[in-house]
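Okay, structure first, notes after.
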Amino acid sequence: MGGKDFCCTVAGTPHIWAQEELIQQILGCIPSDVGRSRVTSFKYKGKWFTTGGHAPSPKVLAGLHFSAEDHRASTDCVLIAGYEPVKGASSDEGLIISELYCQMDDEPDIEDFTHATVVFDVFPDDEGIYVEQKDTDAWYNIWWDRSAYCFTFTGYCILRTVAPELDPSTIYRTLTHRSPRLEGEGVDNAWLNTPSALDYGGVEKIFDQYVNRPDICEDENTDAFWTYLLCYSDLTDEEILDVAWNGEGNLWVFPIQSTVESSPLSQFPGRNGGHATVEDDSLPPRFDLLPVDIIFLICEEMTLKSFLHVLSLNKRLRNILLPHVDELAYKAMKHTVPYYFPCKPIKTPDGTREHEELDWWDREWLQEAGIAVDEVRHKAPWLRYWMECTRTASMRNRKRMWRTAESIKELALAYGYLNNN
């Protein structure tokens, strides 16, 4: 038989079992004789490399570890668990559960995909087994197909922010929806037991019985890619890590935390500082001659690239916009990149963790920037914050998770489980 890596239903990525897990897998791609007197021979991009090379530097090795926070966040989980309702119970009696499918000793015969509840604060204790943080005698087995779906806490909060109208049962019915062309065969995406219409992008490259994270790179020859990058390229350590995380290595998909905590608020300069300029031909000529209120309305729906271009058009327009630049940036972010803001409050059985991201957000602005909770909206350097967010791997991954959450909502509508009104 063998094992299986279980993944977050929103992120599509598996749990991080140890901070050194990533570098151990990458080092497994590199021949053991690289940098030694013995002969190394491999082909990369049509060129053969024999002997030579060097061992990865200590800085590169350290930079290819997961953070302690990512390790913690990837095992901080929520289950959407299917259950059998008590026969004869009316809906007025509230949530009455007979038995959770994931607590059955034998594989359940799940035919009706209609009922589900949320189980908070569980962690993966073994492959497919999840245990409650507060009661380690309470465990859940998601080996049974469609018995339950795992989410990181962050992934669940993102889904609830994107689609607050999706209750647990609606989420469950959407994820277990049968495809007409595969009637009798269950759901389309056999690996995650989700509809094939749910696109996880490049992460699907590593869907396997045992996930090999280095396979996420853009090159078909995983071993050659990592061997060349770490041991044969003439890049600096910083450049190697940038390629690994943000370039062809594609490791940016793995930071599970993906919350506003990844934004280095303490590094922000003063208001309206450090604005950059870019070239962009998306705006019409003489844009600066439009009425100011119209210019403001247009700016509120711009991407960062267009917004920075507007600031660089001419001195007159820049003088008009700069006093309002953070207000405009805030409104533009709300419209175009809402995932750069903390998740909305959620409901939990005991009332804890309902405002977790918002609480951190308020605390950090106060501690690092000296901005009180009731002043953040009007005093934070929003343009700089926006620019910083575009540079972080965690925020890039948060955007990807947000898109998956939007797809789940779209599928619920398409399958008729959600009213479009």
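The values are calculated or read from the model by the stated rules, or taken from the named source; none is laboratory data. Model, not experiment: these values are computed from the prediction. So basically every Cβ, Gly included, is an ideal-geometry build from the backbone, and we count neighbours across all protein chains shown.
Numbers below:
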quantity: Among residues of region 129-178, those that are within 24 Å of E84 (Cβ to Cβ) and touching an Asp or Glu at 6+ places or on another chain (Cβ under 6 Å), counted; calculated: 3
quantity: Options K409, K344, K334; residue that is touching a Lys or Arg at 6+ places or on another chain (Cβ under 9 Å) and either farther than 29 Å from E132 by Cα or not acidic (D, E) (or both); calculated: K344
quantity: Any chance P85 is surrounded by 14 or more Cβ atoms within 10 Å (Cβ to Cβ), modelled with pLDDT under 95 and over 28 Å from C343 (Cα atoms); calculated: yes
quantity: Residues being among the hydroxyl-bearing types (S, T, Y) and out of contact with any helix residue (DSSP H, G or I) (no Cβ under 9 Å at 6 or more places or on another chain) - total across region 199-235; calculated: 4
quantity: Subset tally (residues that are farther than 19 Å from E165 by Cα and among the hydroxyl-bearing types (S, T, Y)) for region 323-354; calculated: 4
quantity: Given (1) in contact with a helix residue (DSSP H, G or I) (Cβ under 6 Å, 6 or more places away or on another chain); (2) in contact (Cβ under 8 Å) with a residue 40 or more places away in the chain, index of the condition M302 fails; calculated: (2)
quantity: Of all residues making up region 339-374, the number that are part of a helix (DSSP H, G or I) and loosely packed, with under 12 Cβ neighbours inside 10 Å; calculated: 3
quantity: Near pairs, Cβ below 8 angstrom, 6+ apart or cross-chain, from region 322-351 (at negative phi) to any residue that is exposed (fewer than 13 other Cβ atoms within 10 Å of the Cβ) and in a helix (DSSP H, G or I); calculated: E327/H378; Y330/R377
quantity: Residue identified as outside the structural domain of A405 (by TED's automatic domain parsing), under 30 Å from F153 (Cα atoms) and touching a Lys or Arg at 6+ places or on another chain (Cβ under 8 Å) among E368, E300, E354, E364; calculated: E354
quantity: C29 within 22 Å of R398 (Cα to Cα), hydrophobic (A, V, I, L, M, F, W, C) and either modelled with pLDDT under 90 or surrounded by 12 or more Cβ atoms within 10 Å (Cβ to Cβ) (or both); calculated: no
quantity: Cβ pairs under 6 Å, 6+ apart, first in region 111-134 and touching a residue at least 40 places away in the same chain (Cβ under 8 Å) and within 17 Å of E99 (Cα to Cα), second buried (at least 17 other Cβ atoms within 10 Å of the Cβ) and among the charged types (D, E, K, R); calculated: F113/R173
quantity: Some residue of region 398-406 being part of a helix (DSSP H, G or I), assigned by TED's automatic domain parsing to the domain that holds K305, buried (at least 17 other Cβ atoms within 10 Å of the Cβ) and not hydroxyl-bearing (S, T, Y); calculated: no
